[in-house]
């Protein structure tokens, strides 16, 4: 029971921080991608959850150990690999059932699982799994599609640009 309380407290703190970040982004008018589509249940995001850490967490051994211990104890994530170039930790999730491709603790899943793929929409180039039913949509997609429609590009090139610029 104490672990559930701890998770609830951390979830509340995270939700507050995330809400403040989103509000700040709106106030500064920083363009963000919209989220289009819907989850198709491919579960690719669950196969090997990956978390990019901050510089302090990556470089300070005590912080790194605490972060990994938290992931192991609270989220059920076992470290599989760490990529120094991107400061990302890849995990195996104890709650993911490979046969059913479902989470056995969906109601209490970690933040990164709750927020996928919305968390990626703040990146300059949100990279979702090809199988994912979600897709990023540029905030000015309609205007950009109209501008591209006035060009003399071939239909193949137009389709490629629309895909690469997240216009559909």
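No value in this document is a laboratory result; all are computed from the given coordinates. Every value quoted in this text rests on a predicted model; they were computed, and no experiment measured them. Methodologically, a virtual Cβ is constructed for each residue, glycine included, from the backbone with ideal geometry; neighbour enumeration extends over all protein chains shown.
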Among rounded, prolate and oblate, which fits the range 8-72 when a ≥ b ≥ c are the square roots of the eigenvalues of its C-alpha gyration tensor, a/c under 1.5 means rounded, and a/b larger than b/c means prolate?
oblate
How far, in degrees from 0 to 90, does helix 155-164 lean away from the longest principal axis of the Cα atoms of the chain, to the nearest 10?
30
For the Cα atoms of the chain, what angle does the longest principal axis make with the long axis of helix 61-70, in degrees from 0 to 90, nearest 10?
90
What ranking of 161, 62, 68 emerges when the number of other C-beta atoms within 10 Å of each C-beta is taken as an exposure proxy, fewest first?
62, 161, 68
How far is helix 2-27 tilted, in degrees, relative to the longest principal axis of the Cα atoms in the chain, given as a value from 0 to 90 rounded to the nearest 10?
30
Within a 10 angstrom radius of the beta carbon, how do 47, 84 rank from fewest other beta carbons to most?
84, 47
Can you give the relative contact order of the range 2-137 as a percent, counting alpha carbon pairs under 8 Å and 6+ residues apart?
33
Candidates 148, 121, 35; GNM for the chain (alpha-carbon contacts under 10 Å) flags as most fluctuating 148
